[in-house]
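Input: a single structure, listed below in structure tokens.
Nothing in this text is a laboratory measurement; each read-out follows from the coordinates by a stated rule. Values in this document were obtained by computation on a predicted structure and should not be read as measured data. Using ideal geometry, Cβ is built from the backbone for each residue, glycine included, and neighbour counts are taken over all protein chains shown.
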Amino acid sequence: MAKSESTSYVEGTTEVAGLSIRYLQGGTGSPAVVLHHSTGSLGWLPFYDLLAENYTVIVPDFPGYGQSERPSWAREPRDLALILDAFLRKIDLHEITLIGLGLGGFIAAEIASFEKDRLERLVLVGAAGVQPTSGEIVDQMLIDYHEYVQAGFYDSDKYVEIFGDELEKVTKELWDYSREMTARISWSPYMFSRRLLPLLSEVTTPTLLIWGEHDLIVPLNCGEQYEKAFPNSNLKVLKNVGHLVELEDPGLLFSTIG
């Protein structure tokens with residue numbers, strides 16, 4: 001997979017709830033924490049380089065994903081939200097721009113439902129967490145993983161440009177490992193919580209919702225439900241991109257976030 005050639009980031013670990021949590025960090029400025037997709041963290045991406053022009057960017061591996069230890073007791077996304085909120089406190093971050101991608105958006109929304117002090121801004125990109133009113137969130141357990149990721153792109157050539165015609169072994173292993181943890185925490189109900197929307201009515205954090213016009217993974221009506229639930233939110237639909245906006249057009253996503 002083609003990654004950013006930047007060397008302006010470092011890798012760190014910290015212990016939270018008896019678990020080792022690994023993260024990447026780069027840039028300067030107020031903190032922007034990026035919560036990755038259910039596919040796991042793909043390393044330091046060009047999107048993070050762009051963010052690092054304005055922010056100190058921190059990208060943790062979720063507990064049970066990548067190089068972070070797996071909590072044997074975790075059974076739903078809110079469990080990971082509690083651990084990651086403790087992570088934000090452990091590394092003592094304040095006035096955070098919290099950016100959640102896909103499953104990461106689900107977890108970011110869960111964090112926002114109980115974290116009132118440390119969040120300056122919330123950005124959810126193609127976020128799961130809400131039961132669609134029509135259509136469905138694509139069940140990644142039922143198809144080959146490369147097909148699931150391909151479905152996240154509007155431009156299939158862009159997928160090939162990033163991942164090549166044949167996936168690298170390390171990417172396959174990452175996706176397989178991530179799928180196992182994703183099944184543990186989001187199997188039933190699949191990728192949504194019935195408690196989440198009512199809780200969001202109490203969240204006053206300014207919230208930007210971003211959806212790809214051609215998102216085939218999480219229906220746009222989920223974003224519309226989020227917009228109604230958050231008292232201080234707006235929804236932007238981006239043209240010519242699918243679910244994986246940060247990979248397909250990182251510049252567009254960066255300019256939308258600002």
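Provide a single number: the residues in segment 22-38 that are of a type in the set (A, V, I, L, M, F, W, C), within 15 Å of F254 (Cβ to Cβ) and more than 12 Å from the chain's Cα centre (by Cα).
Final tally of qualifying residues: 1.
Among the residues of segment 211-241, which ones are assigned to a helix (DSSP H, G or I) and among the aromatic types (F, W, Y)?
Matches in segment 211-241: Y226 only.
Return the residue satisfying two criteria in turn: it lies in segment 121-162 and is free of Cβ contacts under 8 Å to residues at least 40 places away in the same chain and among the hydrophobic types (A, V, I, L, M, F, W, C), and of such residues it is surrounded by the fewest Cβ atoms within 10 Å (Cβ to Cβ).
L142
State which residue is surrounded by the most Cβ atoms within 10 Å (Cβ to Cβ) when the search covers only segment 57-109 and only residues that are over 12 Å from the mean Cα position of the chain (by Cα) and closer than 22 Å to S255 by Cα.
Among those that are over 12 Å from the mean Cα position of the chain (by Cα) and closer than 22 Å to S255 by Cα, it is V57.
So which helices (runs of 4 or more DSSP H) are wholly in segment 1-118 and hold at least 3 residues that are within 30 Å of Y190 (Cβ to Cβ) and not hydroxyl-bearing (S, T, Y)?
77-90, 103-114
Given the options Y148, Y177, name the one that is assigned to a helix (DSSP H, G or I), closer than 22 Å to V34 by Cα and in contact with a Phe, Trp or Tyr (Cβ under 8 Å, 6 or more places away or on another chain).
Only one candidate qualifies: Y177.
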